[in-house]
Each structure stands twice: as structure tokens, then as C-alpha cells.
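The values are calculated or read from the model by the stated rules, or taken from the named source; none is laboratory data. What you see is a predicted model; the values in this text were computed from it and never measured. Cβ atoms come from the backbone with ideal geometry, glycine included; neighbour counts cover every protein chain shown.
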Amino acid sequence: MDQTLYLILLLIALCSVSECVQRQYHFINVLKTWTEAQIFCREKYTDLATVDNMNDMNELKKSVNDGVGDIWIGLKRTSVNKWQWSDQSNSSFRDWAPGEPNNNGGVENCTVLDPKNRFTQGKWYDVSCNNQFPFVCHEDKLILINETLTWPEALRYCRQNYTDLVSVHSDKMQRRVMNVVKRASTDAVWLGLHNYCQMNMWLWLSGEIVCYQNWAPGNGATPENCSLTKRKGAVQSGGDQRWISLPETHKLNFICSRS
């Protein structure tokens with residue numbers, strides 16, 4: 001078998017979704033109202049804790065000291081039957097206790113949980129936002145850099161200041177990227193995606209083949225002409241926020257990730 005074809009088939013066989021946790025949780029053992037906690041988290045970290053799924057929930061629980069009791073998370077009621085995370089992300093995950101939220105007295109608009117309580121098992125319930133509890137902040141591991149740099153310059157920046165340019169291995173990660181790029185000042189934003197011309201394939205900086213794909217029409221599917229300039233991958237900051245192929249000399253905002 002041709003060696004190049006063999007390598008392509010091997011990479012495809014190894015193709016898997018490798019999703020790392022993209023938030024780090026920080027427990028703050030200081031009593032504050034929900035709004036005070038929100039202000040603190042936005043100043044020191046990213047925001048009051050957002051929870052996308054049970055994996056996030058388990059990571060949050062690990063961050064909390066034993067015997068603390070109720071703690072704030074970043075979920076707040078915005079209308080009669082609508083709840084929104086403090087960072088305005090679009091996660092629909094909820095883990096309410098039975099009978100909750102009940103809005104007792106018509107003033108319970110913020111969310112707490114007792115992660116170590118064996119009776120409530122860390123389920124959520126609504127309380128008045130004026131209560132004072134400890135809280136959990138989150139620190140997002142995706143960082144939008146509003147400088148405009150070429151792809152090699154962006155790569156150097158991320159590796160010097162964080163970990164790397166971001167890789168997008170799943171629809172979940174794409175949604176996280178979509179939330180971040182809304183704040184970009186350029187029409188597209190660099191990803192850690194590059195074209196390997198010798199094999200006519202796209203790879204992430206980690207060397208992983210592009211398994212999950214979100215290319216805009218006319219991008220990523222046909223052989224790239226690398227004779228003029230090397231091609232790199234970016235995500236559109238507007239519209240449906242799909243990936244596009246661009247010369248690496250373009251100057252764009254970019255997304256760094258941190259470990």
C-alpha cells in the first residue's frame with residue numbers, strides 16, 4: 001500500500017473525540033449576595049459558575065470544601081419561566097431538586113446547591129438573590145485575543161502566554177467557540193488548524209486529524225494551492241460561524257486555550 005495512503009487510513013482509524021474540560025472552577029468561601037458574587041467572579045475570573053452537563057457538575061463539586069452548605073452558581077431567573085447563566089452562554093442543562101424551582105414568595109430568582117449534602121445530592125433550588133452564601137466562579141479556558149496577527153504570530157502568542165491556539169474536536173467545543181468569537185473585531189478568528197499539503201489534509205496543531213468538521217461551503221473539501229502561501233483554518237465571527245481556509249498571512253483575532 002502507498003505509504004501516504006496508509007498514514008491517512010491510520011489517522012482516520014485513530015480519529016476520536018477528545019474533549020478536555022474547558023472550565024476551571026474556583027470555590028470562594030466568602031459570604032456574598034448573588035450580585036456581589038457575580039461582580040467578584042467577573043473581576044477575578046470569568047464569571048459565576050456555568051454548568052453545561054454532569055461532568056461540569058462533578059468538577060464543580062470537587063472544588064468545594066466539605067461542610068460548607070449552600071453555594072451560589074450563576075443561574076438566574078430572567079422572566080416567569082426563563083433562566084439564564086450569568087455569562088449568557090446558551091447551556092440548557094438543569095439539575096433541579098424535586099419540586100424546584102418553586103419561587104416561594106415570588107422572590108426566589110437565584111440558584112444555590114449544597115454539593116456535599118447526601119440528602120439533596122447536590123441538586124439545585126431557587127432562593128432569594130439577597131441571601132448571602134459562598135459561591136463558585138469559573139475561569140474559561142478559551143481566551144479571545146483581540147489583537148490582529150498572522151497565524152504564525154498568533155501561534156507564537158498563544159504558546160508564550162497560554163497553551164496553544166484552540167482545537168475544535170466536537171460540536172460542544174464549536175458552541176463554546178461560537179460564544180467567544182461574538183466579541184471579535186475581525187470577520188474571522190484563527191483556530192489551531194493547518195493544511196498539510198504533502199498529504200492534502202487538515203490537521204490540528206496536536207497532530208490530530210479533523211474528525212468533527214464545520215466547514216463553510218467551498219472550504220476544506222478540495223485540495224489547497226500551497227504554491228503561493230500556506231493555508232490555515234479560521235472560524236467566521238458572524239453568520240453561521242463556520243470554518244474557512246485563509247492564507248496564513250491574513251491578520252485576524254485568534255483564540256488561545258489554556259491547560
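Which numbered condition in (1) in a loop (DSSP other than H, G, I, E, B); (2) surrounded by 15 or more Cβ atoms within 10 Å (Cβ to Cβ); (3) among the polar types (S, T, N, Q) is the only one that ASN117 fails?
(2)
Might you let me know whether the range 189-203 holds any residue that is in contact with a strand residue (DSSP E or B) (Cβ under 8 Å, 6 or more places away or on another chain), closer than 18 Å to PRO152 by Cα and among the small types (Gly, Ala, Ser)?
Yes, the range 189-203 has at least one match.
Considering every residue within the range 22-33, establish whether at least one is among the charged types (D, E, K, R), modelled with pLDDT under 95 and part of a loop (DSSP other than H, G, I, E, B). Lay out the reasoning, then the answer.
Restricting attention to the range 22-33, the residues satisfying the condition of being among the charged types (D, E, K, R) are 23, 32.
Retained after the next criterion (residues that are modelled with pLDDT under 95): 23.
With part of a loop (DSSP other than H, G, I, E, B) added as a condition, the list becomes none.
For the range 22-33, residues among the charged types (D, E, K, R), modelled with pLDDT under 95 and part of a loop (DSSP other than H, G, I, E, B): absent.
Only one of (1) outside any helix (DSSP H, G or I); (2) among the aliphatic types (A, V, I, L, M); (3) buried (at least 18 other Cβ atoms within 10 Å of the Cβ) is not met by ALA221, so which one is it?
(3)
If I filter the range 44-81 down to residues being over 12 Å from ASP95 (Cβ atoms), among the charged types (D, E, K, R) and more than 17 Å from the chain's Cα centre (by Cα), which single residue comes out as surrounded by the most Cβ atoms within 10 Å (Cβ to Cβ)?
So, considering only residues that are over 12 Å from ASP95 (Cβ atoms), among the charged types (D, E, K, R) and more than 17 Å from the chain's Cα centre (by Cα), the one surrounded by the most Cβ atoms within 10 Å (Cβ to Cβ) is LYS76.
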